[in-house]
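First comes the structure, then the notes that go with it.
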Amino acid sequence: MSRTLPAGLAVACALALGGPAAQAAPDWRVVAADTDSGLAIPPLLPSATGFDLEWASLASGGNGALGFARNAGSAGPFSLWAERNGTLTPIAENMATGATGPGRSGGEAGHVFRTLFQKQDSSGQAHRVFGARAGEPTQPADAATYGVWMWNGSANAEIARLNTEGALGPGLGAGVVFTNLGTTTSTGYPRARALPGQRVLIDATVTGSLHAVILHQGGVGNRACLLEGSNEPAYAPGIGSAVFYDSGSYTIDMPVVGSRGEVYVAAAFRESGTNGRGIFSLCRGAPQVQARAAVTGSLGPGMNDTSYTFSEFGAIRPAHRDAFYFWARVSSPNGSSNGGFLHADGQNAPVYLYNVEGSLGPGYSGYVFNATGAPTELAAPGATACCARRSSRSPAPVRPPASGAWCRACRRSRSRSSATPAATPPRRAGRGASSTARRCSTAARC
């Protein structure tokens, strides 16, 4: 899993990335620069002309954290680079053969990359994932085929190709091919993520305009983890006779991956003409529902008022093993709200809610979180939830709103009954608060 960073004059890598409590100043070093003579350019990037470093990314761990694109314009070929054991290495280059070429064989052995897309992804291990077009070096560039490649640390291997059956297809049988791997006019191509163990997750459209989530395993091939409209147990929601459904406001979102290889997706499903929504874990056997709209119990929001149910799901952020944070709307005959929730130990519980004081509010008497949409970020470093939100005074007297970032430490427990109170006990719960909220400390501004 990689995190995209802005790239400008220089790309710098933080080597001392301590935990949340780390106080030491980070040790920054420049690993590549474009034209500033005051910065040392590593020997792998000599150039008589200027070039741009684009679409830099940092993996979440491992010995090859940095990746970027090198663009010399008309003065040289476009190329993708990666860091491996502290050394910068070109992994793909337009019009190149050999180790930086597309690695095709047989009658396609002479093919070269005609277009490289800027985006690359890494799990923090040796392999990288990127999108490209490849074909004969003398044919028009528009005749080159679209595909997804994996760099295994020494060479490139194509793992998926548009409109192609067989080993480069989605693994769904004869006649089923990839028809869309992402928007090719943007840096969003391909919709693919690197997972540990030479695995790649591909979010795609296949024959029949069906949404599919495909897992590639190096040395094995492609297999489906989810297929819209299919009641095959390996691809279906596992809720009665329901099938995954993607139409209008009922969608299958882009899957979210964690550093351990976990995969989660917020997705709609349809059963007997009725639409539903849920959050599912994928690619470890058949899809498993972890949270579901319009139901109570272990799949519901876990609030004291058991009439509350989920109605909509948003951002998902993996946390500790088999746990994740997510944004959701909840409703009941007594009212509605939205906020952040934690799924852990097979249960869901609120972490913060809007328009609620007490342990699920911002921690200031008389103030509530008042944002109405999904958070732009719900981070989950280790077992800590953080959200940047705005709060306002309620009820009167009205005072200027306060804005900032709020953090809440959520501790893992074996079960609801054995939940361990946080170091700072939560305040009296507000409306709709969960009996499991004691797993989380009182929200504090950080």
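Being at pLDDT below 95, surrounded by fewer than 21 Cβ atoms within 10 Å (Cβ to Cβ) and not charged (D, E, K, R) is a description that applies to Gly261.
For Ser298, are the conditions met, namely being at pLDDT 95 or above, part of a loop (DSSP other than H, G, I, E, B) and not aliphatic (A, V, I, L, M)? In short, no.
Taking the conditions exactly as written (charged (D, E, K, R) and over 30 Å from Arg260 (Cβ atoms)), does Arg104 satisfy them or not? Against the criterion (charged (D, E, K, R) and over 30 Å from Arg260 (Cβ atoms)), Arg104 qualifies.
Residue count for region 272-300 satisfying the condition of being at positive phi and of a type in the set (A, V, I, L, M, F, W, C): 2. Only a single criterion out of (1) at negative phi; (2) surrounded by fewer than 17 Cβ atoms within 10 Å (Cβ to Cβ); (3) modelled with pLDDT of 85 or more is not satisfied by Met95, namely (1). Just to be sure I understand the filter: pairs with C-beta atoms under 7 Å, separated by 6 or more residues or on different chains, first member in region 226-239 and polar (S, T, N, Q) and at pLDDT 95 or above, second member assigned to a loop (DSSP other than H, G, I, E, B) and surrounded by fewer than 16 Cβ atoms within 10 Å (Cβ to Cβ). Which pairs pass? Pairs that qualify, where the first residue is polar (S, T, N, Q) and at pLDDT 95 or above and the partner is assigned to a loop (DSSP other than H, G, I, E, B) and surrounded by fewer than 16 Cβ atoms within 10 Å (Cβ to Cβ), are Asn231/Ser241. Looking at Arg321, Arg329, just one residue is under 24 Å from the mean Cα position of the chain (by Cα) and outside any loop (DSSP other than H, G, I, E, B), and that residue is Arg329. Taken over region 301-315, the criterion of being part of a strand (DSSP E or B) and crowded, with 23+ Cβ neighbours inside 10 Å is satisfied by Phe310, Phe313. Is it the case that region 142-149 has a residue that's within 21 Å of Ala69 (Cα to Cα), buried (at least 24 other Cβ atoms within 10 Å of the Cβ) and either within 20 Å of the chain's Cα centre (by Cα) or modelled with pLDDT of 95 or more (or both)? The answer is yes, given that some residue of region 142-149 is within 21 Å of Ala69 (Cα to Cα), buried (at least 24 other Cβ atoms within 10 Å of the Cβ) and either within 20 Å of the chain's Cα centre (by Cα) or modelled with pLDDT of 95 or more (or both). Within region 264-286, the residues that satisfy the criterion of being in a loop (DSSP other than H, G, I, E, B) and either modelled with pLDDT under 95 or more than 27 Å from Ala59 (Cβ to Cβ) (or both) are Ser272, Gly273, Ala286. Candidates Arg161, Arg193: the one that is under 16 Å from Gly261 (Cα atoms) and not in a helix (DSSP H, G or I) is Arg193. Taking the criterion of being hydrophobic (A, V, I, L, M, F, W, C) and farther than 21 Å from Arg329 by Cβ, the residues of region 245-277 that qualify are Val257, Val263. Considering only region 203-215, I want to know if a residue exists there that is under 21 Å from the mean Cα position of the chain (by Cα), not in a strand (DSSP E or B) and not aliphatic (A, V, I, L, M). Looking for residues that are under 21 Å from the mean Cα position of the chain (by Cα), not in a strand (DSSP E or B) and not aliphatic (A, V, I, L, M), one finds none in region 203-215, hence no. Residues of region 100-123 that are hydroxyl-bearing (Ser, Thr, Tyr) and in a strand (DSSP E or B): Thr115, Ser122.
Just to be sure before I move on: is Ala126 in a loop (DSSP other than H, G, I, E, B), surrounded by fewer than 22 Cβ atoms within 10 Å (Cβ to Cβ), modelled with pLDDT under 95 and of a type in the set (A, V, I, L, M, F, W, C) in the structure I sent? Yes.
Apart from one condition, Pro170 fits all of (1) surrounded by 23 or more Cβ atoms within 10 Å (Cβ to Cβ); (2) at pLDDT below 90; the exception is (2).
For Gly86, the conditions (1) surrounded by fewer than 20 Cβ atoms within 10 Å (Cβ to Cβ); (2) closer than 28 Å to Val257 by Cα; (3) in contact (Cβ under 8 Å) with a residue 24 or more places away in the chain are fulfilled apart from (3). Does Ala155 qualify as being more than 19 Å from Tyr189 (Cβ to Cβ), in contact with a helix residue (DSSP H, G or I) (Cβ under 6 Å, 6 or more places away or on another chain) and not acidic (Asp, Glu)? The answer is yes for Ala155. Which residues, taken from region 148-162, are free of Cβ contacts under 8 Å to residues at least 24 places away in the same chain and over 19 Å from Glu228 (Cβ atoms)? Once the filter is applied, which keeps residues that are free of Cβ contacts under 8 Å to residues at least 24 places away in the same chain and over 19 Å from Glu228 (Cβ atoms), region 148-162 yields only Arg161.
Within region 98-123, if we keep just the residues that are among the aliphatic types (A, V, I, L, M) and over 18 Å from Pro190 (Cα atoms), the residue that is surrounded by the most Cβ atoms within 10 Å (Cβ to Cβ) turns out to be Val112.
The values are calculated or read from the model by the stated rules, or taken from the named source; none is laboratory data. These numbers come from a predicted model, not from an experiment. As a convention, Cβ positions derive from the backbone with ideal geometry for all residues, glycine included, and neighbour counts pool all protein chains shown.
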